[in-house]
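Below: the structure, in structure tokens.
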Amino acid sequence: MAILESDVVFGIVLYKEELGDSVTFKTLVSSLPSVGKSTILVFDNTPRMNDKKKDNTNYFFNEFVEVFCETQNENKGLPFAYNFFANKAAELGKKWFVLLDQDTALPQDFYSKYLLINPKVKVHCPLVFSNGSLMSPAYYINFRSYPMQIPEKDSIDLKEYSCINSGLMINVDFFHKIGGYNKSLFLDFCDHDFIYKVKKNKIDQLGIIKCNLVQDFSSTNHTKEQAIQRYVLFLNDLRAFKKGKNKFQIFLRVDLPRLLKLTYQYKTLEFFKIRIT
């Protein structure tokens, strides 16, 4: 089984990068067919001053690709952007939407592989690699991810697994049925929180798209000041994520390891002070 080309829309989240410079956008367009009309949604999370604000624009990239651009000129976070994609997809009459960031290299067969999914499975993920290793999907046990072998089948039992947002393909009706992404989150944990919600809704299979994506984390190195700002965001998301879950396990497996790692990495007790207060 497969889906129709007209049933799917692709969503790209930008942050402080122009659409034309995004490797994701360039490789996505390269994989699209030169027939029919493909649709790309863009949500720009770049904060802007009043004199630099952008307007929302809808335009045709070329005769085969239509692009809808949305921005609120501030960083609204990933869940906000993802929920926007789902709402826009429904408005456009699409049945599926795909989540993409700005710095993932997509293969030439990306589009064709995504059309081959089994529509009976409501959530699908590709094979996402970083530094030559498979990072998603992964074993997810007690709130920690562990490497797994490349799946041989087109779906896996979701009970012991999770995946990241990049490349995730979701049925629009199912997405709205389970309430979408957690609006209380901003950046961290939104992928695992969403998969946790999928599992709670008695979905036991995760579709595997045999398509290799390469994630670039070269821009994630932070100065001490940036790391402190990032840690504050992490703690805010952690408070929202742990609601209704095993708080002791989260502290032991997620909270404490991050605190110790940052303290050792930057040789400062500043993170302990932030964590306490």
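The values are calculated or read from the model by the stated rules, or taken from the named source; none is laboratory data. Source: prediction; values computed, not measured. Cβ atoms come from the backbone with ideal geometry, glycine included; neighbour counts cover every protein chain shown. The area values use the complete protein model at the heavy-atom level, side chains included, leaving out ligands, DNA and RNA. Shrake-Rupley method; radii C 1.70, N 1.55, O 1.52, S 1.80 Å.
Results, tabulated for the structure shown:
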| item | result |
| --- | --- |
| Kirkwood Rh (inverse of mean 1/r, distinct Cα pairs), the stretch 1-75, angstrom | 13.4 Å |
| Carbon and sulfur %, accessible surface of the chain computed with the full protein complex present, 1.4 Å | 52 percent |
| Loop GluC sites (Glu not before Pro), the stretch 1-94 (other Cβ atoms within 10 Å of the site Cβ: 15 or fewer; DSSP) | GLU18, GLU63, GLU74 |
| Rounded to 5, percent antiparallel among DSSP beta bridges of the chain | 50 percent |
| Contact order relative to length of the chain, as percent, for alpha carbon pairs under 8 angstrom and 6 or more apart | 20 percent |
| The stretch 221-277: proportion of alpha-carbon pairs further apart than 15 angstrom, % | 48 percent |
| Fraction of the pair-distance distribution of the stretch 86-164 above 22 Å, Cα-Cα pairs, percent | 33 percent |
| Charge tally in the Cβ shell below 13 Å around PHE271, where Lys, Arg are +1 and Asp, Glu are -1, PHE271 excluded | +4 |
| Per-q log10 I(q)/I(0), the stretch 30-112, q = 0.12, 0.13, 0.25 Å⁻¹ (Debye; single scatterer per alpha-carbon; no solvent) | -0.41, -0.48, -1.40 |
| Overall dimensions of the stretch 109-233 as given by Cα atoms, namely Rg and Dmax in Å | 15.3, 47 |
| Cβ-placed point charges (K, R +1; D, E -1), dipole of the stretch 1-106 about Cα centre in debye, nearest 20 | 160 debye |
| The stretch 79-174, dipole about Cα centre (Lys/Arg Cβ +1, Asp/Glu Cβ -1), debye to the nearest 20 | 220 debye |
| Unpartnered cysteines - no second Cys beta carbon under 4.7 Å - across the chain | CYS69, CYS190, CYS211 |
| The chain - charge dipole about Cα centre, Lys and Arg +1 at Cβ, Asp and Glu -1, debye rounded to 20 | 1360 debye |
| Residues of type aspartates and glutamates that LYS242 reaches as a straight line, Cα spacing below 19 Å, ignoring anything fewer than 8 places off in the same chain | GLU160, ASP188, ASP191, ASP193, ASP255 |
| Per residue accessible area of the chain, 1.4 Å probe, in Å² | 52 Å² |
